[in-house]
């Protein structure tokens, strides 16, 4: 990938859950996934990940975070119990943490691709997520300033 790194910021409506994705993919080249599972359809989710990027998730009040699991139960789906927003899905094991985050919580407008994962078995699902989701750090009790998607150099005034 060429170009300056970009930051994509997102936040639930009340600000309890937020994220930043660091990527070298220009915003105009990002294609969100419209998963066809019932959860993603109900939440109108448009998730995206960059396996070459990194993400930081911030949680102000862990008591207002609901971690939902369903189907193969391989990931936690983060939902804010105050405003009801779906932040994204997180896979964590002894080797790392990865996420796919909901671009509906950003100001970014993207085209979408339909995705269907219903035929995957447990091992295939975990392997795919580790391969294509974004490496992620999770911080609790920290505030993030929501801002639009900008190249890192533009944000720092360089």
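Within the range 1-14, residues that are on the phi > 0 side of the Ramachandran plot sit with their Cβ atoms under 9 Å from residues that are at pLDDT below 95 and not in a loop (DSSP other than H, G, I, E, B), at 6+ positions apart or across chains, in these pairs: 3/151.
Which one of 99, 49, 38 is without any contact (Cβ under 8 Å) to a residue 24 or more places away in the chain and within 27 Å of residue 119 (Cα to Cα)? Please lay out each step first, then the result.
Working: 99 fails: without any contact (Cβ under 8 Å) to a residue 24 or more places away in the chain; 49 fails: without any contact (Cβ under 8 Å) to a residue 24 or more places away in the chain.
On inspection, the qualifying residue turns out to be 38.
Residue-by-condition table, conditions (1) closer than 16 Å to residue 111 by Cα; (2) in a strand (DSSP E or B); (3) without any contact (Cβ under 8 Å) to a residue 24 or more places away in the chain:
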residue: 25; (1), (2), (3): yes, no, no
residue: 32; (1), (2), (3): yes, yes, no
residue: 42; (1), (2), (3): no, no, yes
residue: 63; (1), (2), (3): no, no, yes
residue: 77; (1), (2), (3): no, yes, no
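Table: residues versus (1) touching a strand residue (DSSP E or B) at 6+ places or on another chain (Cβ under 6 Å); (2) loosely packed, with under 13 Cβ neighbours inside 10 Å; (3) modelled with pLDDT under 95; (4) closer than 19 Å to residue 130 by Cα.
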residue	(1), (2), (3), (4)
62	yes, yes, yes, no
70	no, yes, yes, yes
82	no, no, no, no
94	no, yes, yes, yes
107	no, no, yes, no
110	yes, no, yes, no
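The values are calculated or read from the model by the stated rules, or taken from the named source; none is laboratory data. None of these values were measured; they are calculated from a predicted model. Counting neighbours? That spans all protein chains shown, and the Cβs are built from the backbone with ideal geometry, glycine included.
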